[in-house]
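Report on the structure given below.
Throughout, read-outs are computed from the coordinates displayed, never taken from laboratory work. Please read these numbers as outputs of a predicted model, since none were measured by experiment. Quick reminder, even Gly has a Cβ in these numbers, built from the backbone with ideal geometry, and neighbours come from all protein chains shown.
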C-alpha cells in the first residue's frame with residue numbers, strides 16, 4: 001500500500017492524497033510525503049492577519065491573529081508548530097515538494113515581527129529561501145535536465161503547462177552537488193532543484209498554469225514521482241546498510 005501524502009493548497013484527487021490547507025491540515029509529522037503550493041500558504045496566513053476569511057485547525061478551533069484563548073488558536077503558535085512538524089518530517093528522511101512562488105514578507109502577525117511563506121520550512125546548509133529563490137516570472141515551458149530524476153515525469157508530462165515563478169541560485173553552496181538542478185527554463189535558468197535538508201529532501205518545482213485543468217492527471221503524475229522517489233530512497237538505504245561492516 002502506498003504511503004499517504006499530505007497535499008496543501010492545491011486540491012489533487014488521488015486515493016492516497018489527503019487534501020487540506022496549510023492551516024487546517026493535521027500534523028505534518030503523521031506523513032513522510034508532502035506537496036505544498038507555496039502561494040496558497042501565503043494566502044492562508046494573510047487571510048488570518050487581515051481578517052479576510054476564517055480558518056480553523058484540524059481540531060476545529062478558530063485560528064486568530066491574537067494570543068491563544070480557550071476559544072481560539074493563535075496564528076503565531078500554529079506557524080511555530082508547522083515549523084516543528086516540517087523538521088520532524090525531514091529529520092526522518094521524508095520529502096517535501098514545493099510548487100515554488102516568490103518568498104514575500106508578511107507583517108502584522110501578532111507576536112511575530114515578520115513572517116515569510118518559507119519560514120516553516122527548514123533550510124539546507126548553504127541555502128536561504130529568501131535569497132536563493134529569486135522572483136522570476138517566466139513563460140510556460142521548461143526543460144528537463146535529468147531523465148533519471150524521481151520527478152522527471154512531472155516535467156515530461158506537463159512541461160508546456162509549467163511557468164516558473166522563481167529562479168534557483170545555482171551559486172548557493174547547497175547546489176554545488178551534481179544533479180541538484182534538474183529543471184531549467186527554455187533560456188537556461190535553474191527553475192527546479194532537489195535540496196538535501198536534514199536527512200530528507202526538499203524538491204523545488206515550477207508550478208502549473210491552471211492547475212484546475214485535469215487535476216486527476218496531475219495528481220497521478222505527482223503520485224508516480226513520489227513512488228519513484230520512495231523506491232530510490234529505499235534502494236539507497238539498502239545499499240548503505242550493506243556497506244556497513
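Per-residue answers, yes or no, for (1) in contact with a helix residue (DSSP H, G or I) (Cβ under 6 Å, 6 or more places away or on another chain); (2) more than 28 Å from residue 154 (Cβ to Cβ):
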position: 18; (1), (2): no, no
position: 22; (1), (2): yes, no
position: 41; (1), (2): no, no
position: 51; (1), (2): no, yes
position: 63; (1), (2): yes, yes
position: 71; (1), (2): no, yes
position: 84; (1), (2): no, yes
position: 89; (1), (2): yes, no
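Can you work out which of the residues in segment 146-165 that are touching a residue at least 24 places away in the same chain (Cβ under 8 Å), assigned to a loop (DSSP other than H, G, I, E, B) and closer than 19 Å to residue 95 by Cβ is nearest to the chain's Cα centre (by Cα)? Applying the filter and picking the extreme gives 151.
Here is a list: 29, 39, 2. Which entry is surrounded by fewer than 22 Cβ atoms within 10 Å (Cβ to Cβ), touching a residue at least 40 places away in the same chain (Cβ under 8 Å) and under 11 Å from the mean Cα position of the chain (by Cα)?
Working: 29 fails: under 11 Å from the mean Cα position of the chain (by Cα); 2 fails: under 11 Å from the mean Cα position of the chain (by Cα).
Matching residue, one of 29, 39, 2: 39.
Taking (1) assigned to a loop (DSSP other than H, G, I, E, B); (2) within 21 Å of residue 9 (Cβ to Cβ); (3) out of contact with any helix residue (DSSP H, G or I) (no Cβ under 6 Å at 6 or more places or on another chain) in turn, residue 218 satisfies each apart from (1).
Scanning segment 119-144 for residues that are farther than 20 Å from residue 211 by Cβ, part of a loop (DSSP other than H, G, I, E, B) and touching a helix residue (DSSP H, G or I) at 6+ places or on another chain (Cβ under 9 Å) gives 119, 120, 121, 122, 123, 124, 125, 126, 127. Pairs meeting the criteria (first residue in segment 166-186 and on the phi > 0 side of the Ramachandran plot and without any contact (Cβ under 8 Å) to a residue 40 or more places away in the chain, second residue crowded, with 20+ Cβ neighbours inside 10 Å and part of a strand (DSSP E or B), beta carbons under 8 Å, at least 6 apart or on different chains) are 179/194.
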